[in-house]
Each structure stands twice: as structure tokens, then as C-alpha cells.
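Heads up: the structure comes next, in C-alpha cells.
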Amino acid sequence: MTTALFSHPDCLQHQTPSGHPEQVARLEYITEALSVAAFDALDRQDAPVCTDDDILLCHPQSHLDAIIAAEPTAGTRALDGDTHMSPGSTRAAQRAVGGCLAAVDTVLAGKTMNAFVACRPPGHHAEQSTPMGFCLFGTAAIAARHAMERHGLDRVAIVDFDVHHGNGTQALLWNEPRALFFSSHQNPLWPGTGMAEETGGHNNIYNLPLPPHSDGRLMRATYDAEVWPAIERFKPQLIIVSAGFDAHMADPLAQLNWSTEDFIWLTQKICDLADEHCDGRVVSTLEGGYDLTALAASVAAHVSVLMERGA
Ligand SMILES: [Zn+2]
């Protein structure tokens with residue numbers, strides 16, 4: 001057993017305007033970082049294109065139709081102030097979803113213990129009918145629904161440590177008692193949601209707002225107090241990670257001061273709980289992270305832990 005890595009060159013075709021933080025170079029830096037000998041043991045697989053039915057696990061047909069119709073034939077088109085499409089964006093997002101679903105299939109089949117999905121655009125801000133925050137489809141939520149609807153799982157935990165609130169995942173899983181969703185995020189910060197009082201239709205949502213300029217010590221104390229005990233009680237059959245690395249101290253979009261070591265700690269703790277409750281099954285999918293060097297180093301550290309634990 002090892003760690004599966006799902007990616008695809010189509011995810012480089014999704015272009016954003018010059019100067020946009022969610023840029024092609026993010027995936028190029030990650031790919032480069034994962035190309036050194038330390039990662040030779042990764043089980044590298046092409047992220048497949050998802051089906052329309054996969055998207056419809058969380059979104060209405062009208063949203064899928066709107067995304068397809070919005071894709072420009074040249075240049076870029078703004079869906080809102082942050083979210084853009086180019087020729088190939090739909091396909092890239094379909095690879096991101098498809099890669100995440102294939103990662104779930106691989107891990108649940110026992111082919112690898114865990115998996116990382118290195119695709120873009122990210123997904124955790126996309127709501128039912130609203131693309132936003134660089135995201136078109138709710139990748140992590142769709143993967144959770146896929147595990148529940150098609151693999152029959154009753155308990156899926158999703159841990160979102162991106163520095164922004166996972167408002168899309170929250171919206172898509174609000175009334176889903178089989179999913180326990182945790183989002184830690186800087187507050188105040190865009191999109192402004194994610195207060196602790198937002199607890200979902202079944203007390204299945206945990207929001208953990210963290211103040212600007214706080215560091216990994218507060219993050220660790222918060223996860224120790226609120227996240228790990230809730231996961232212990234829930235006994236998940238699979239843990240999905242919305243792995244955003246924009247809480248890193250070097251990130252230009254936010255003001256948390258986490259280090260690469262903090263991402264290692266988080267990954268180790270998640271793997272500990274997965275070992276205890278679900279044979280180590282973890283599927284991690286890339287969300288944010290906008291300082292290219294810090295992103296590449298953090299992803300490499302995250303994947304290294306997955307490989308150690310998946311060996
Ligand atoms: Zn983010």
C-alpha cells in the first residue's frame with residue numbers, strides 16, 4: 001500500500017486573469033515539488049473526468065448548465081469579482097471532482113490507504129447554484145455524497161483547514177446527517193460566514209473561527225479541544241480533507257501564522273484518527289494556498305505524512 005496521487009494536465013488549462021492568486025503556477029509548483037525522489041513511491045494516476053451525475057450529487061442541473069454555458073471560447077470571463085473561467089475550465093473542474101471521486105473509490109477498495117488530489121480549480125466555496133471564491137463545483141462535498149450514496153457509508157468526516165470558511169461544503173452538507181463537517185478559518189475574513197453558531201441541520205457542522213495573526217498554537221489547541229473529540233465520538237468510516245494551505249504565515253491572502261510544521265501536525269492527527277476508526281482511510285483534496293513556495297513546501301510535507309502513514 002502507498003499513497004495515490006491524482007492529477008491531470010487539463011487542470012493547467014484553467015486560466016485566470018494576470019495577477020490572480022489562483023493561478024496555473026500553483027499546480028506547476030506542486031507538481032515540481034512532488035517530482036523529487038522522495039515521492040517516487042506515489043501511485044500516480046490521472047484524475048478522470050467526472051460525469052454529470054457526479055455533479056448532480058450536490059448541484060442542480062441548472063448549475064451545471066450555467067457553468068458549461070459560461071465558459072468563454074477565448075480569454076477569461078468573470079463569474080464574479082473573484083471567480084473566472086477560461087477555455088478548459090469546465091474540464092479542469094470536472095477532473096478535480098473526478099479525481100476526488102476516484103480517490104474515494106481507490107481508498108474504499110483498499111488499493112491504497114490514502115490519497116491526495118492535486119487538481120484545480122478548488123471547490124469548497126461553490127454553493128448549490130453559485131460559483132464563488134475561485135470554485136465552480138463543490139468537490140469535497142460531492143466526494144462525501146459519492147461515498148455515502150454509492151458506497152453506502154453512514155459516517156463521513158470532512159476536515160477543512162483552508163484559511164477561508166468552507167461555505168460551499170457547509171451549504172451542500174447542511175442537511176446531511178451522515179456527514180460531519182469541520183471548518184477552521186480566519187475570522188474576520190472573506191466570505192464572512194462560518195460563525196460557531198452555524199451548526200447545520202443536524203448539529204453536523206463545526207465552525208472554528210480563528211482571529212487574524214493567531215498562530216499554530218491556537219490552531220492546535222482548538223483542534224485538540226473541538227475537532228478530535230467530535231471525530232472520536234462520530235467514528236467516521238472515511239475522512240475527507242479540504243487541504244488549503246493559505247493559513248501559512250507566508251500566504252498573501254490571509255493573516256494566520258501557521259508553519260509547515262503545523263500542517264504536518266494536522267495531517268498526523270487526521271491520520272491517527274483514521275487509523276483508529278477507518279483503517280487509515282483519508283482522501284485529501286487541494287483547496288487554497290497562494291504563496292507558491294510555501295504552498296509547494298506545505299503540500300510536500302502533507303503528502304509525505306500521508307505516504308509515511310500509508311506505507
Ligand atoms: Zn482559502
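Does Gly194 count as under 15 Å from Ser183 (Cα atoms), without any contact (Cβ under 8 Å) to a residue 40 or more places away in the chain and crowded, with 20+ Cβ neighbours inside 10 Å? Can you show your working first?
Values: under 15 Å from Ser183 (Cα atoms): yes; without any contact (Cβ under 8 Å) to a residue 40 or more places away in the chain: yes; crowded, with 20+ Cβ neighbours inside 10 Å: yes.
Here the answer is yes, as Gly194 does meet what is asked.
In segment 214-246, how many are small (Gly, Ala, Ser), within 22 Å of Leu286 (Cβ to Cβ) and out of contact with any His (no Cβ under 8 Å at 6 or more places or on another chain)?
Going through segment 214-246 one residue at a time, the tally reaches 1.
With respect to Gln237, determine if the residue is more than 16 Å from the ligand (Cβ to nearest atom), in contact with a Cys (Cβ under 6 Å, 6 or more places away or on another chain) and more than 21 Å from Pro121 (Cα to Cα).
Values: more than 16 Å from the ligand (Cβ to nearest atom): yes; in contact with a Cys (Cβ under 6 Å, 6 or more places away or on another chain): yes; more than 21 Å from Pro121 (Cα to Cα): yes.
It is true that Gln237 is more than 16 Å from the ligand (Cβ to nearest atom), in contact with a Cys (Cβ under 6 Å, 6 or more places away or on another chain) and more than 21 Å from Pro121 (Cα to Cα).
Tell me yes or no: at least one residue of segment 110-132 is of a type in the set (Ser, Thr, Tyr), within 27 Å of Cys278 (Cβ to Cβ) and within 16 Å of the chain's Cα centre (by Cα).
No.
Can you name the residue in segment 32-61 that is open to solvent by 50 Å² or more (accessible area, probe 1.4 Å) and in contact with a strand residue (DSSP E or B) (Cβ under 7 Å, 6 or more places away or on another chain) and, of all such residues, is nearest to His146 (Cα to Cα)?
So, considering only residues that are open to solvent by 50 Å² or more (accessible area, probe 1.4 Å) and in contact with a strand residue (DSSP E or B) (Cβ under 7 Å, 6 or more places away or on another chain), the one nearest to His146 (Cα to Cα) is Gln45.
Restricting to segment 274-293, name every residue that is touching an Asp or Glu at 6+ places or on another chain (Cβ under 9 Å) and open to solvent by 10 Å² or more (accessible area, probe 1.4 Å).
Those that are touching an Asp or Glu at 6+ places or on another chain (Cβ under 9 Å) and open to solvent by 10 Å² or more (accessible area, probe 1.4 Å): Glu276, His277, Tyr290, Asp291, Leu292.
Taking only segment 127-166 into account, find how many residues are within 16 Å of the ligand (Cβ to nearest atom), under 23 Å from Pro229 (Cα atoms) and either of a type in the set (Phe, Trp, Tyr) or open to solvent by 10 Å² or more (accessible area, probe 1.4 Å) (or both).
2
Is it true that Ile270 is crowded, with 23+ Cβ neighbours inside 10 Å, more than 16 Å from the ligand (Cβ to nearest atom) and assigned to a helix (DSSP H, G or I)?
Here the answer is yes, as Ile270 does meet what is asked.
For segment 225-233, indicate whether the set of residues that are away from the ligand (no atom under 14 Å from the Cβ), outside any helix (DSSP H, G or I) and open to solvent by less than 60 Å² (accessible area, probe 1.4 Å) is non-empty.
There is no residue in segment 225-233 that is away from the ligand (no atom under 14 Å from the Cβ), outside any helix (DSSP H, G or I) and open to solvent by less than 60 Å² (accessible area, probe 1.4 Å).
Scan segment 286-294 and give yes if some residue there is in contact with a Gly (Cβ under 7 Å, 6 or more places away or on another chain), within 13 Å of the ligand (Cβ to nearest atom) and of a type in the set (Asp, Glu), otherwise no.
yes
Output the residues belonging to segment 139-166 that are part of a loop (DSSP other than H, G, I, E, B) and within 20 Å of Val107 (Cα to Cα).
Result: Arg150, His151, Gly152, Leu153, Asp154, Arg155.
Could you list, ordered by first residue, the pairs with Cβ atoms under 8 Å in which the first is in segment 72-92 and on the phi < 0 side of the Ramachandran plot and the second is of a type in the set (Val, Ile, Thr) and open to solvent by 60 Å² or more (accessible area, probe 1.4 Å), at least 6 apart or interchain?
Sorted first by the residue in segment 72-92, then by its partner, the pairs are His84/Thr76; Met85/Thr76; Ser86/Thr76; Pro87/Thr73; Thr90/Ile68.
Looking at segment 299-308, can you tell me whether even one residue there is part of a helix (DSSP H, G or I), of a type in the set (A, V, I, L, M, F, W, C), within 16 Å of the ligand (Cβ to nearest atom) and open to solvent by 10 Å² or more (accessible area, probe 1.4 Å)?
Just the residues of segment 299-308 that are part of a helix (DSSP H, G or I), to begin with: 299-308.
Checking the rest, the ones that are also of a type in the set (A, V, I, L, M, F, W, C) come to 299-301, 303, 305-307.
Filter once more, keeping what is within 16 Å of the ligand (Cβ to nearest atom): 299.
If we keep only those that are open to solvent by 10 Å² or more (accessible area, probe 1.4 Å) too, we end up with none.
No.
Which of the residues that make up segment 72-102 are part of a strand (DSSP E or B) and either farther than 16 Å from Ile55 by Cβ or at pLDDT below 95 (or both)? Write out each step before concluding.
Here is the first cut: in segment 72-102, the residues part of a strand (DSSP E or B) are 77-78, 84-85.
Within segment 72-102, Arg77, Ala78, His84 meet the criteria.
Of all residues in segment 62-71, how many are open to solvent by less than 50 Å² (accessible area, probe 1.4 Å) and either closer than 12 Å to Phe137 by Cα or charged (D, E, K, R) (or both)?
3
How many residues are small (Gly, Ala, Ser), surrounded by fewer than 20 Cβ atoms within 10 Å (Cβ to Cβ) and closer than 20 Å to Tyr290 by Cα if we restrict to segment 72-126?
Of all residues in segment 72-126, those small (Gly, Ala, Ser) come to 74-75, 78, 81, 86, 88-89, 92-93, 96, 98-99, 102-103, 109-110, 115, 118, 123, 126.
Now restrict to residues that are surrounded by fewer than 20 Cβ atoms within 10 Å (Cβ to Cβ): 74-75, 78, 81, 88, 109-110.
So of that shortlist, the ones also closer than 20 Å to Tyr290 by Cα come out as 78, 81.
Final tally of qualifying residues: 2.
The values are calculated or read from the model by the stated rules, or taken from the named source; none is laboratory data. Everything numeric here is computed off the predicted structure, so don't read it as measured data. In this analysis, Cβ positions are derived from the backbone assuming ideal geometry, glycine residues included, and neighbour counts consider all displayed protein chains. Please note that ligands, DNA and RNA were not included when accessible areas were found on the heavy atoms of the full protein model with its side chains. Shrake-Rupley method; radii C 1.70, N 1.55, O 1.52, S 1.80 Å.
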